[in-house]
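Values in this text are rule-based calculations from the coordinates and carry no lab data. Keep in mind that this is a model prediction, so the values were computed, not measured. Here the Cβ positions follow ideal geometry from the backbone for every residue, glycine too, while neighbour counts run over all protein chains shown.
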Amino acid sequence: MNEYNNNNNNGTATENQSPYYSAPDPSAHYGAYAPQQPPEPPAPQKQKKGVSAGAVVAICLVCAILAAAIGVGVTYFLLRDRTTGTDSLEDAPVVAETTEPPVEPSDAPQITDEPEQVPEQALVSDAAAVGQHVYELATQQVVGITSEITYTNFFGQISAASVSGTGFIISDDGYIMTNNHVIEDARTGGYEVSVLTYDGTEYTADIVGYDKENDIAVLKIDATGLTPVTMGSADDIVVGDAIYAVGNPLGELNFTMTNGIISATDRTITTDTDSVPINMFQIDAAVNSGNSGGPVYDAEGEVIGVVTAKTSATGVEGLGFAIPIEDAGHIADQLIEYGYVTDRATVGISGYTLPDSVADRYGMVPGAYVTSVVADGPAAEAGIQERDIITAVDGKEVAGFTELTAIVRTYSVGDTAELTVWRNGETLTVSLTFGESQKPVDPTPSPEPQQNQPGQYYGDMDDFFRQFFGFGF
């Protein structure tokens, strides 16, 4: 509260007091010589008074209100369309009328370009809510996959083992997507594949189809009314996007969720010596043995990838890789409809990468060494033979079978390419029209596990390389 002091005069004033005396009429004594009437005394000066603080504030408020009114009037005049007499405010700022006094500069709100700061506690709460929502979906969509297999150990003894992985439901009538390597031992050995849902229900699954090149497989269980995942898109992901992985690490910690971010996109990953490069994106969420085939969710609860690989070297952490869901979904659709991938260009050969040491020793050249040719296939029709070495496709150098496969993937069924072939010291050029891939044929499972000692092989050098390096496409 402002306090005001009143200024009071401290002198004493006598009521009706005058500085002049009154006298009788002087003409009564002096006649004509009476003294003249003294001049009128000067008017007393008024005492100046100081202006109070309240008056100053009132004057300032009045001035401010007048200034605001004048500003509004000038603005209105400038914005008025003088030709039509109507207001034209399309390009003018809006002036809001107010009856409130202007805000003092010290109390005026400060304008800043900085975004509003969200409390850290609110961010943590939101992140927790997203994670809980994703996990709630995952418990209805993710499954565990196991198979009991037998094998011959190093000492020639028959042993049993459990192969575990993860999958996720892609249709309400029981189709499930996973990795090929999760069910490969069961597939080639004729073992039973079991599927376990979150509520503890166990199913025996049929293998609908598989694709070794992209490490995708589809299973089918006898069930209806299931909750399938929502397919998202990996085309729009950027580094830093939040992701969630759900699976069964180590085959024991069922329905574990880990979170992280997209670490990189468009990684070309080769999972082992007999596989071809696969395009994947990189994540830093913790994934371990048993997570293979599980989904990668985005923050919307949509699946954007299939966990497929990780770097397991000592001292390495946070390097996981997933196949984009567009690629995996396209393959799964064909596996469900045809049992195999039909629209992939193929050469119709099997082979391996010729090691430099072998090429130098036998006077050969590096490239894709052909071990077998599919009868009536594209390579056979082009004149390619066993023991040929393919060194280039349309001028693109082929250093090995992996490079050959990657190059062939860039072509479509029916395309034609010029292949450079080395044969017995001569270089040939052949024209090849890519054909459609054929349904793979698994070997007939033997009733008993093979008794071969580890590392033992039979046949010539081609058989040796086929066992340890070879694969066909």
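Could you line up 250, 137 from fewest to most neighbouring Cβ atoms inside 10 Å? Display every interim value, and only then the final one.
Details: 250 12, 137 19.
Ordered by Cβ neighbours within 10 Å, fewest first: 250, 137.
Check each of the chymotrypsin sites (Phe, Trp or Tyr not before Pro) in the stretch 140-174 and keep only those in coil by DSSP with at most 15 other C-beta atoms within 10 angstrom; list them in order.
Numbers: sites: 151, 154, 155, 168; in loops: 154, 155.
Hits after loop and neighbour filter: 154, 155.
Which whole-number percentage describes the relative contact order of the stretch 206-278, with Cα contacts under 8 Å and a sequence gap of 6 or more?
Numbers: 74 pairs, mean separation 17.9, N = 73.
Across the stretch 206-278, relative contact order equals 25 percent.
Give or take rounding to whole Å, what are the principal axis extents of the alpha carbon atoms in the stretch 124-340, in descending order?
Taking max minus min along each principal axis of the Cα atoms, the stretch 124-340 gives 54, 43, 33 Å.
I'd like the FRET efficiency for residue 376 and residue 427, computed as 1/(1 + (r/R0)^6) with the beta carbon distance as r and R0 of 22 Å, rounded to 0.05.
Values: r = 26 Å, r/R0 = 1.18.
Working from the Cβ atoms, E equals 0.25.
What is the fewest-to-most order of 210, 362 by other Cβ atoms lying within 10 Å of their Cβ? Could the numbers behind the result be given before it?
Numbers: 210 26, 362 9.
In increasing order of surrounding Cβ atoms, one gets 362, 210.
Assuming 0.36 nm per residue, please report the length gained on full extension of the stretch residue 266 to residue 157 beyond their Cα-Cα distance.
Details: separation 109, 0.36 × 109 = 39.24 nm, distance 4.35 nm.
Fully extending the segment from residue 266 to residue 157 adds 34.9 nm.
Between residue 397 and residue 127, what length comes free when the chain is fully extended (0.36 nm per residue of separation minus the Cα-Cα distance, one decimal in nm)? Walk me through the numbers before you get to the answer.
Numbers: separation 270, 0.36 × 270 = 97.20 nm, distance 4.87 nm.
Length difference between fully extended and current span is 92.3 nm.
Quick one: putting +1 on the C-beta of Lys and Arg, -1 on the C-beta of Asp and Glu, what dipole do you get for the stretch 300-412 around its Cα centre, in Debye to the nearest 20?
Working: 6 positive and 17 negative charges, 88 e Å.
Rounded to the nearest 20 debye, it is 420 debye.
Order of 317, 426 from fewest to most other C-beta atoms within 10 Å?
Values: 317 11, 426 7.
Ascending number of Cβ neighbours within 10 Å: 426, 317.
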